[in-house]
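The values are calculated or read from the model by the stated rules, or taken from the named source; none is laboratory data. On a predicted model such as this, the values are computed, not experimentally measured, just so you know. Glycine also receives a Cβ, built like all others from the backbone with ideal geometry; neighbour counts cover every protein chain displayed.
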Amino acid sequence: MLDLSKTNAEIRPLDQDAMATARDRWNAVAKPIASLGKLETLVEQVAGIAGDPDVDIAKRCAVIVCSDNGVVAEGVTQGGSEVTSAIAGNIARGVSSINSLCEPAGIEVMAVDLGMEVPPTDPRVIDRNVARGTGDIALGPAMTEDQALQAIQVGMDLVGGLKAQGHRLIAAGEMGIGNTTTSSAMTAALLGLGPQEVTGRGAGLSDRDYRHKVDVVRRALEVNHPDPADPLEVLSRLGGFDIAGLAGIYLGAGVHRVPVVVDGFICDVAALTAVRLCPACRDYLLPSHLSAEPAVQALTDALGFDPVIHAGMHLGEGTGAVCLVPLLDMALSLYRGTTYADTGIAAYEVDPQ
């Protein structure tokens, strides 16, 4: 069984020498100091993760973990669990939203069945199924702690396998009908917030259905009563296999020294879970965007994230995460570009403070 304490100890700090060299490189580029803002910081972070200031993210992929949630039985969504399987198949066939965004950015896409209720019909969906969906959190726990650890291990192993294939950047996303409800419940438990504060409209609920969703989150918290100081308990009682698998991907980022881009609401919940399980993984995560879901600001504050993109996105499937990748490409083009020494122009002075 996965030993989380051992995992945390395996994650090394970022390479400060590589980051310092990357910072010096930025300061030598023929432009005002730090004028690319957060993008410069992210490039330095990736250098520290890889231990190499010659940052290379040419081979990259998007991993979409797919699973179903028993809370769908409470009527908190517009679609049923069969939609998860259908969209997973579309991702595998290359015809879903995430594929359209990844194609121009040269990002490989893969769908992983971590806990779908309806088995996929397309063999290109990677089978890592832990169980055929979770329990209804309004009635009891979503899964056992052993199942949660199994799903976390799957996520970690995915990162190791992708690194072995040569991938140097991973964007992680999810697909799972009902997962904004599970994420809302987990956020409330982890951050001590009320159901109304953390619950959004998901894919677009009416006022009546939204009030019902808030009530379901309230009931889930009352029935399961998880210990907020125990993130594994919060995950197993209120979460989903997608959230557990994502948490594993974020832990795998640290173990295998691969930068992983974090998407929106569900991914932020998974990231907070991962960081509370193994704090050392935090430096291996790259925030992408500030989702439109109401709980996201509280989650990013708790994580210390400062997302680059503020576009009001809430599509899911890792779409916000992959939007960061072309920005990194452009930043890296400048990072490798003309220096003051090349131009003969006097360099800007670095503020010693």
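State which residue pairs qualify: first residue of a type in the set (D, E) and inside the range 287-311, second residue surrounded by fewer than 19 Cβ atoms within 10 Å (Cβ to Cβ) and at pLDDT 95 or above in any location, beta carbons under 8 Å apart, and separation of 6 or more residues or different chains.
Note: pairs meeting the criteria are D306/K38.
If P307 meets every condition in (1) part of a helix (DSSP H, G or I); (2) surrounded by fewer than 24 Cβ atoms within 10 Å (Cβ to Cβ) apart from one, which number is that one?
Condition (1) is where P307 drops out.
I'm trying to understand the selection: among the residues of the range 43-60, which are out of contact with any Leu (no Cβ under 6 Å at 6 or more places or on another chain), touching a residue at least 40 places away in the same chain (Cβ under 8 Å) and not β-branched (V, I, T)?
Residues satisfying the conditions are Q45, A50, G51, D56, A58, K59.
Given (1) crowded, with 22+ Cβ neighbours inside 10 Å; (2) among the polar types (S, T, N, Q); (3) out of contact with any Asp or Glu (no Cβ under 6 Å at 6 or more places or on another chain), where does S206 come up short, assuming only one miss?
Of (1) crowded, with 22+ Cβ neighbours inside 10 Å; (2) among the polar types (S, T, N, Q); (3) out of contact with any Asp or Glu (no Cβ under 6 Å at 6 or more places or on another chain), only one is false for S206: (1).
Which one of the conditions (1) crowded, with 18+ Cβ neighbours inside 10 Å; (2) under 30 Å from A346 (Cα atoms) does P32 fail to meet, given that it meets all the rest?
(1)
Step by step: first the residues of the range 186-211, then only those that are at pLDDT below 95 and in a loop (DSSP other than H, G, I, E, B), then the one that is nearest to G79 (Cα to Cα). Which residue is that?
Result: A203.
For A203, indicate whether it is assigned by TED's automatic domain parsing to the domain that holds Q297, of a type outside the set (D, E, K, R) and in contact with a Gly (Cβ under 8 Å, 6 or more places away or on another chain).
Yes: the conditions hold for A203.
If V258 satisfies every condition in (1) surrounded by 24 or more Cβ atoms within 10 Å (Cβ to Cβ); (2) out of contact with any Ser or Thr (no Cβ under 8 Å at 6 or more places or on another chain) but one, which is the exception?
The number of the failed condition is (1).
Suppose the filter is over 16 Å from the mean Cα position of the chain (by Cα), touching a residue at least 60 places away in the same chain (Cβ under 8 Å) and more than 18 Å from G37 (Cα to Cα); does A331 pass it?
In short, no.
Looking at T300, T273, which one is of a type in the set (S, T, Y), at pLDDT 95 or above and surrounded by fewer than 24 Cβ atoms within 10 Å (Cβ to Cβ)?
Residue meeting the stated conditions: T300.
Only residues that are more than 23 Å from L221 (Cα to Cα), part of a helix (DSSP H, G or I) and touching a residue at least 24 places away in the same chain (Cβ under 8 Å): list them for the range 151-185, please.
Q153, V154, G155, M156, D157, L158, V159, G160, L162, K163
Quick one: would you say L36 is more than 12 Å from P259 (Cα to Cα) and out of contact with any Phe, Trp or Tyr (no Cβ under 7 Å at 6 or more places or on another chain)?
Details: more than 12 Å from P259 (Cα to Cα): yes; out of contact with any Phe, Trp or Tyr (no Cβ under 7 Å at 6 or more places or on another chain): yes.
Criteria met by L36.
Go through the range 308-353 residue by residue and tally those that are in the same structural domain as M19 (by TED's automatic domain parsing) and in contact with a Gly (Cβ under 9 Å, 6 or more places away or on another chain).
So the answer is 0.
Yes or no: the range 186-201 includes at least one residue that is in contact with a strand residue (DSSP E or B) (Cβ under 8 Å, 6 or more places away or on another chain) and either closer than 30 Å to L332 by Cα or buried (at least 24 other Cβ atoms within 10 Å of the Cβ) (or both).
no
Can you find a residue that is part of a helix (DSSP H, G or I) and under 30 Å from Q196 (Cβ atoms) anywhere in the range 138-146?
The answer is yes; a qualifying residue exists.
Here is a yes/no grid of residues against (1) among the charged types (D, E, K, R); (2) surrounded by fewer than 21 Cβ atoms within 10 Å (Cβ to Cβ); (3) in contact with a strand residue (DSSP E or B) (Cβ under 9 Å, 6 or more places away or on another chain):
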site	(1), (2), (3)
D54	yes, yes, no
V63	no, no, yes
T77	no, no, no
I98	no, no, yes
L114	no, no, yes
T134	no, no, yes
Q150	no, no, no
G155	no, no, yes
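Determine whether the range 7-19 contains at least one residue that is out of contact with any helix residue (DSSP H, G or I) (no Cβ under 7 Å at 6 or more places or on another chain), surrounded by 15 or more Cβ atoms within 10 Å (Cβ to Cβ) and modelled with pLDDT of 95 or more.
no
If you scan the range 113-128, which residues turn out to be part of a loop (DSSP other than H, G, I, E, B) and closer than 18 Å to L246 by Cβ?
Hits for the range 113-128 are M116, V125, R128.
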